[in-house]
1. Can you tell me the FRET efficiency between A306 and R169 if r is taken as the Cβ-Cβ distance and R0 is 22 Å, rounded to the nearest 0.05?
2. Taking K and R as +1 and D and E as -1, what net charge do the other residues with C-beta under 12 Å from the C-beta of G283 add up to?
3. Report the gain in length on full extension from T92 to E149: 0.36 nm times residue separation, minus Cα-Cα distance, nm rounded to one decimal.
4. At 0.36 nm per residue, minus the direct Cα-Cα distance, what do K277 and R243 gain on full extension? Give it in nm, one decimal, please.
5. Full-extension gain between S117 and S224, please, as 0.36 nm times their residue separation minus the C-alpha to C-alpha distance.
6. Using every Cα-Cα pair within the stretch 197-280, state what percent have a distance larger than 20 Å.
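None of the figures in this text is laboratory data; all of them are computed from the coordinates on show. All figures in this text were calculated on a predicted structure; none of them were measured in a lab. Counting neighbours? That spans all protein chains shown, and the Cβs are built from the backbone with ideal geometry, glycine included.
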Amino acid sequence: MKVSHLESRRGRGHHIPARRPWERGPGFLLSSLAMEQALAHYFRHLERAGLNPAPDWCPSRDPDVRPRTDLTLDPIRQVLEFGPGLQISEDTAGGVHSDHATHAMARVLVDRASELSGARLLEIGCGTGVLSVLAARLGARVTATDLDEHALTLAANNARANQVTLDLRCGSLLDPLDSQERFPWIVANLPQKPAPAEGLLPLANWGGPEGDELFQGLFDAVGSHLEENGRVLFFMHSLPHPRFLTRLQQEFDLFPLRWYLRWIERGEFGPLGDIFKERSREGISHLHVEGDEAALVCCIWMARLAQAP
């Protein structure tokens, strides 16, 4: 029987750190000048699910997003602020395009340009290849996978337009990799909206009934493809069940690098909007609410294999 990478560590009694100083009482974190209230409330939500936040967690804040008013016709050039703008072709009508999560992850890559230069990088679910092209422009040697052949065609076109080389492979998550391949950097921006059935959301958005299905599949095997001290950068908003991050922390050190609020327009998700609100009331999703408006709390996380005690 195949045992997942996470389950194998859990079976050996992997050390779970003691509760952190910020957990002393309900007002401890919320009173911190270094932590904004919206993020503090989200961390409390994660803590209630069993996550053990570190006292030094203080991610940088990115600009908040209101999708239909903030994204211009050339969002990549606007957001990256990295030399000449990338030339990116997308299929918005077909649902293959970048979004606020892509732009947030791009900022993190630019922040780490010196670390990426000359390094191997794997992107899981590359879509149109925005992040892969950017990483290659920053000097990384990039392998990228996606299940959608149309997306890979767009990624190949974008690589040519930007005069970079990408090793593109078709398949789900880590399936296209050779068992011996290892990377110091792995990047993932995966579908993660929860819905009881696939047909309620486009495949590019659906993360399974609890929103964490693809993340579970990725991290069950990702340790086999990380170099020693390798890191995984991934985007996650506050709709997926918090059990994933709780489980992940049993094996990985977690660091939130950046965060922002992604505001939800009235009626944007149709009937799913009511499902998201109910999930938030039940504590299995989290919505930040101000007046009659609600927002997702969005984070870029870095995961690094924890050292044995």
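1. 0.15
2. Details: positive: R44, R48, R243, R279, R281; negative: E47, E278, E282.
Taking every other residue near G283 into account, the sum is +2.
3. Details: separation 57, 0.36 × 57 = 20.52 nm, distance 1.57 nm.
Net length gain for the segment: 18.9 nm.
4. Details: separation 34, 0.36 × 34 = 12.24 nm, distance 1.81 nm.
Between K277 and R243, full extension yields an extra 10.4 nm.
5. On the way: separation 107, 0.36 × 107 = 38.52 nm, distance 2.29 nm.
Computed gain between S117 and S224 is 36.2 nm.
6. Working: 1513 of 3486 pairs.
Within the stretch 197-280, distances greater than 20 Å cover 43 percent of Cα pairs.
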